[in-house]
Amino acid sequence: MDTECVLLLPGVCDVLADSGRPLPDDTSLEKLLDWFTGLTESGGSLLESCPCLNIFISTVIDDKDSDSSVLSFTLKLTGLIAATGDGFIMLQENSVLDKAFGLQHWQETGLWEDPCLRIGWIQGLKNMLQHPKALSFFVQSDFIAPLLKLKTDTSLFVASAANQMLAHIMLFFQPATSAGSISMDKKDDKVTGSTKAFNADLKQLAADYTAVVKVISEYLRESLVPKDNTKLHQSLQTLKLLVLLLAEAGPELREELLQCVSVSLEEVVTAGCSQLTSPLMNVLLAAYSSGTDDHVPDQRVDRLLSSMLNINKPSDLIQAAAAFLHSGHQDASHTAQALRILLLPLQIITGHNLLGSSTSATDHQISMAEHLKRKTSCISVMCTCLSTAANITLLPSGLLPCPPALIIPAVLSLLRICSGISSTPISGCSETCRNVIGSGKVQKCALEALTSLSCNRGAQEDASEVFAVLIQYLKNPDSDPTVLHKSYQALVKWISVCADLFFSITTDQIRQDLSNVVKKRVCDMRWEVRDSTVEFLGHMADIHVLKSAAEVCSASEALLGECCTTSLLREALQDTESYVRASAISALAKTLTHHWQQGAAPSQEESEIMSRLLEILSQDTEGFARRAVVRYFIAWFSSSPSSSPPMPSLRSVLSQGSADLDWEVKVHTLELAEQIMDKAFSGQRGYRKGSNLTQPHPYGVLSEQTYTLHAHTEGVELDSSEALKDLVELGVVSALLSGLVDCDRPVGLKACRLLITLRETVMATTTQVFCDLPGRGWGQELRKVLSVKMKDLAGGGGRCVNGAENGGTEDECVVKEGEDVTVDVCEVLRSLDLNDRLDVLTQSSDHIHNSPLSLLQDILTARPAHTHTDTQPGQEVIVDCY
């Protein structure tokens, strides 16, 4: 432990033990406990390093007025210290363990009523239970009974902690042959001592563990079946505990548990309590997953699953079937049974025969049909059934009651019913149909199901019908924005799947209808609809459809024509909503990519688009659109052939982007600078691309753009000094230098890595290349970094302040505050100590502000300010949160 921390810790303990002065920030206690936990796990002894902790624990426990959060922390700390053999013995010899965990003491003081203390008591015991002596202490103190009572505590946090504690005891102390069990090692003489003591400990461990398992198993058996509604909470918590146990139990413990509770589980299944259906299925699936090594399911579990998939309540039946299917098991009988149950409501409401002549389907037909006549139940069941469509597409065809392609027409019929386009062909189901008409929930689930089903074999046969229904949804004036968004997503998926057959499976009318509805929706009153439409156009530009045997075009061009698409997106650049503007910019980049790849000169329209984009970059108040602008230019640059001349607007993008207030805009600007560097030095031997040094950003998301870097067409190496001059002219060097001193760490980190790459590439250059450092802003910050070296950097090349020629001596070249200065780029790169700066940026500020020393200092500083009588509101020293 750090010496400074050791010196500060006694004072911190005094502060925490002062019952009349609670800390202003309880999270500091959790941070402190995390630090102690790390020290313990690294093999250190807390009591040896910090003897003041023993006094602190005794002081807090004996003080009836101690703050509950400090008491809870103290109990957790006591358990942590007792987790090691030496710590346990020292605390037991001082009678600290009996005091800390003695229930009578806490009950007499009235502190037991505070859930914070109860959680501390549970977690303190859990921290301690890491070796046999701790288990013996637990058993001899008879803590099992109160722990079982806490399992149904009124506080959900306490109940959950108790469940976790019980599971820990059962699983951690399993015999050594069981998975995840503790193993006694004779080398650990701190706990076991001699061989004789070791054997005695093993014997005692077995006896203690057997006693604990017997009590807990008996409790599980008795508490599983709810006697009345008041006991439902107890049954629920017991089922949750069983899930924890069965998921990780070794073969011996698993068998013992199932033997004990299988009869009770059967009673719960028979009782048919809807509130317990989901947790009961979780238990059965946990037991099913942890079967024997030869993957033969336990017959008791198998029988219980069959019972669950045959219960009479339709809502519970659907819930059980969905749980089994989502679990990923592909047991032939149960999977087929679950699928028939889940497809039954779709068959009833649409009239499509999805189950064939299966007699088992008719067993639930009447009750399910009645259940669907209630609107709330109908919507819930249909959403559950439709959400399994993605799972259905992954199953072997032999498990399905019908080919997946037959499900598509049924989903289409349901979508028509929901929108009121048509009614069901089955007589007697009109009441059920009325329940789903206009239901946005069912529509969204059905559209998601339709999207999933597009990948099935034979799906293309229904493509025309799919397009017709989706276009109808887009036309419907009553369609919810989210429903329209799902419709667009389904369209994109189906068009991409049918790209090779697009023109043969779509009529001129379908294409015309889709074109018209898109033109209409892009002007919708609701910005969400406009945004979805613009996104759709971008996705369509990414899809290439087969127009003829020898002609390929984008889907957007096939539907609207390239000019029309570009025109619609240009109009969207003026949208009042920033999300729409950003989506329009991204869609334009995708639409124009093919044109860029051909290397054609920018058209008048493209020039106007770029002018608008530069206007957005400099004036837009929202970061979304500005980020999209920089990504647009990245896409343009990476798509253009290497022989294409640099676009004049690149310098403006780099200049404005590097000065943006949004850190993501600045990072994207550096990505553009990186692409320009890669292209400039691609003919330079030994050049390492900057991306090879780049690590994920410390926070935030990376650009989705995938860059394709181009090699130079010329077969000769470029002069690095000429390439460096080009980078200076374009503003790349200025962007990198400004990023280096940026206040946002991801920006500084990326700029530093790129500058190191640049330095290593041009370090052999003998020709001087100059760039300007502005007298304000980032230039001023960079001068502070360079400090006294500025005079040499400015005077070395015969160029000085404001770029004026200076024929005088070096002493006459004075760098004045606030004035621009021209400097030698290579000298700056050598003088910046970039490697040291990279180490600091990579390490971040966490090593300073989140250190244990900082935490201890915060606690010591916070207490006086928090309690001082003349402290003004807002002037309290708050403990640093990380």
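The values are calculated or read from the model by the stated rules, or taken from the named source; none is laboratory data. Everything quoted here is computed from the prediction, not taken from an experiment. Methodologically, a virtual Cβ is constructed for each residue, glycine included, from the backbone with ideal geometry; neighbour enumeration extends over all protein chains shown. Remember, those area values only see protein heavy atoms, side chains included, never the ligands or the DNA or RNA. Shrake-Rupley method; radii C 1.70, N 1.55, O 1.52, S 1.80 Å.
Which of the residues spanning the stretch 81-90 are hydrophobic (A, V, I, L, M, F, W, C) and either buried (at least 23 other Cβ atoms within 10 Å of the Cβ) or part of a loop (DSSP other than H, G, I, E, B) (or both)?
Ile81, Ala82, Ala83
Annotation note: Cβ proximity below 7 Å between a residue of the stretch 215-237 that is among the charged types (D, E, K, R) and a residue that is assigned to a helix (DSSP H, G or I) (sequence gap 6+ or interchain) occurs for Arg221/Cys260; Arg221/Val261; Arg221/Ser264.
With respect to Asp480, is the statement that it is surrounded by 16 or more Cβ atoms within 10 Å (Cβ to Cβ), among the acidic types (Asp, Glu) and in contact with a Ser or Thr (Cβ under 7 Å, 6 or more places away or on another chain) true?
no
Evaluating Lys547 against the criteria (1) among the basic types (Lys, Arg); (2) in a helix (DSSP H, G or I); (3) open to solvent by 70 Å² or more (accessible area, probe 1.4 Å) leaves one unmet condition, (2).
Within the stretch 395-416, can you find the residues that are among the hydrophobic types (A, V, I, L, M, F, W, C) and more than 27 Å from Ala468 (Cβ to Cβ)?
Filtering the stretch 395-416 down to residues among the hydrophobic types (A, V, I, L, M, F, W, C) leaves 395, 399-400, 402, 405-408, 410-412, 414-415.
The answer is Leu395, Leu399.
Contact annotation: residue pairs with Cβ atoms under 9 Å, 6 or more positions apart or on different chains, pairing a residue in the stretch 312-334 that is over 14 Å from Ser274 (Cβ atoms) with a partner that is modelled with pLDDT of 90 or more and loosely packed, with under 15 Cβ neighbours inside 10 Å, are Ser333/Ser306; His334/Ser306. Take Asp772 and decide whether it is in contact with a Pro (Cβ under 9 Å, 6 or more places away or on another chain), at pLDDT 70 or above and closer than 25 Å to Pro648 by Cβ. So Asp772 does not fit the description; no.
Name, by its number, the condition in (1) small (Gly, Ala, Ser); (2) at pLDDT 55 or above; (3) part of a helix (DSSP H, G or I) that does not hold for Gly686. Gly686 satisfies every listed condition except (3). So in the stretch 508-551, with the set limited to residues that are β-branched (Val, Ile, Thr) and out of contact with any Asp or Glu (no Cβ under 9 Å at 6 or more places or on another chain), which one is nearest to Asp575 (Cα to Cα)? In this case the residue turns out to be Val529.
Among the conditions (1) assigned to a helix (DSSP H, G or I); (2) within 20 Å of Leu400 (Cα to Cα), Val483 misses just one, which is (2).
Reported count of residues in the stretch 38-55, each being open to solvent by less than 30 Å² (accessible area, probe 1.4 Å) and among the acidic types (Asp, Glu), is 0. Consider Ser721 carefully, then state whether it is at pLDDT 70 or above, buried (at least 18 other Cβ atoms within 10 Å of the Cβ) and farther than 24 Å from Ser586 by Cβ. Considered against the rule, which asks whether it is at pLDDT 70 or above, buried (at least 18 other Cβ atoms within 10 Å of the Cβ) and farther than 24 Å from Ser586 by Cβ, Ser721 comes out as no.
Residues that are at pLDDT 90 or above and within 22 Å of Ile859 (Cα to Cα) are absent from the stretch 96-109. Quickly run through the stretch 341-364 and pick out the residues that are at pLDDT below 85 and either open to solvent by 30 Å² or more (accessible area, probe 1.4 Å) or out of contact with any Leu (no Cβ under 7 Å at 6 or more places or on another chain) (or both). Scanning the stretch 341-364 gives Gly356, Ser357, Ser358, Thr359, Ser360, Thr362, Asp363. Taking the stretch 455-469 as the range and being farther than 11 Å from Asp513 by Cα and open to solvent by less than 10 Å² (accessible area, probe 1.4 Å) as the test, the residues that pass are Ala459, Ala463, Val466, Val469.
Just one of the numbered conditions (1) among the small types (Gly, Ala, Ser); (2) more than 21 Å from Ala449 (Cα to Cα); (3) at pLDDT 90 or above is not true of Ala332: (3).
Does Asn435 qualify as being open to solvent by less than 50 Å² (accessible area, probe 1.4 Å) and part of a loop (DSSP other than H, G, I, E, B)? Give the derivation first.
Details: open to solvent by less than 50 Å² (accessible area, probe 1.4 Å): yes; part of a loop (DSSP other than H, G, I, E, B): no.
In short, no.
All of (1) at pLDDT 90 or above; (2) surrounded by fewer than 19 Cβ atoms within 10 Å (Cβ to Cβ) hold for Val381 with one exception: (2).
Taking the criterion of being in a loop (DSSP other than H, G, I, E, B) and buried (at least 19 other Cβ atoms within 10 Å of the Cβ), would at least one residue in the stretch 508-515 satisfy it?
Restricting attention to the stretch 508-515, the residues satisfying the condition of being in a loop (DSSP other than H, G, I, E, B) are none.
No: zero hits.
Here the stretch 103-143 is the region considered, the condition is being outside any helix (DSSP H, G or I) and touching a residue at least 24 places away in the same chain (Cβ under 8 Å), and the residue that is most open to solvent (accessible area, probe 1.4 Å) is Gln130.
Considering (1) at pLDDT 75 or above; (2) of a type outside the set (A, V, I, L, M, F, W, C); (3) not in a helix (DSSP H, G or I), the lone condition that Asp185 does not fulfil carries the number (1). Scanning the stretch 550-572 for residues being surrounded by fewer than 21 Cβ atoms within 10 Å (Cβ to Cβ) and over 23 Å from Phe467 (Cβ atoms) gives a total of 5. Can you find a residue in the stretch 558-573 that is part of a helix (DSSP H, G or I), in contact with a strand residue (DSSP E or B) (Cβ under 7 Å, 6 or more places away or on another chain) and touching a residue at least 24 places away in the same chain (Cβ under 8 Å)? Looking through the stretch 558-573, at least one residue is part of a helix (DSSP H, G or I), in contact with a strand residue (DSSP E or B) (Cβ under 7 Å, 6 or more places away or on another chain) and touching a residue at least 24 places away in the same chain (Cβ under 8 Å). Every listed requirement among (1) part of a helix (DSSP H, G or I); (2) more than 21 Å from Ile676 (Cβ to Cβ) is met by Thr576 save one, (1).
Search the stretch 589-610 for residues being at pLDDT below 90 and of a type in the set (A, V, I, L, M), and hand back the single one that is surrounded by the fewest Cβ atoms within 10 Å (Cβ to Cβ). Across the stretch 589-610, the extreme among qualifying residues is Ala601. In the set Ser413, Ser397, Ser367, Ser419, only one residue is at pLDDT below 80 and open to solvent by 10 Å² or more (accessible area, probe 1.4 Å); that residue is Ser397. Of the residues screened, Leu737 is not one that is free of Cβ contacts under 8 Å to residues at least 60 places away in the same chain and open to solvent by less than 10 Å² (accessible area, probe 1.4 Å). Considering the stretch 291-322, the residues that are open to solvent by 30 Å² or more (accessible area, probe 1.4 Å) and either within 23 Å of Glu370 (Cβ to Cβ) or in contact with a strand residue (DSSP E or B) (Cβ under 7 Å, 6 or more places away or on another chain) (or both) include one that is modelled with the lowest pLDDT, namely Asn312.
Under 21 Å from Thr593 (Cα atoms), surrounded by fewer than 20 Cβ atoms within 10 Å (Cβ to Cβ) and modelled with pLDDT of 90 or more: which single residue out of Leu614, Leu672 fits that description? Don't jump to the end; show me each part of the working.
Details: Leu672 fails: surrounded by fewer than 20 Cβ atoms within 10 Å (Cβ to Cβ).
That would be Leu614, the only listed residue that is under 21 Å from Thr593 (Cα atoms), surrounded by fewer than 20 Cβ atoms within 10 Å (Cβ to Cβ) and modelled with pLDDT of 90 or more.
Scanning the stretch 757-783 for residues that are part of a helix (DSSP H, G or I), open to solvent by 10 Å² or more (accessible area, probe 1.4 Å) and within 24 Å of Asp678 (Cβ to Cβ) turns up Arg759, Glu760, Thr761, Trp778.
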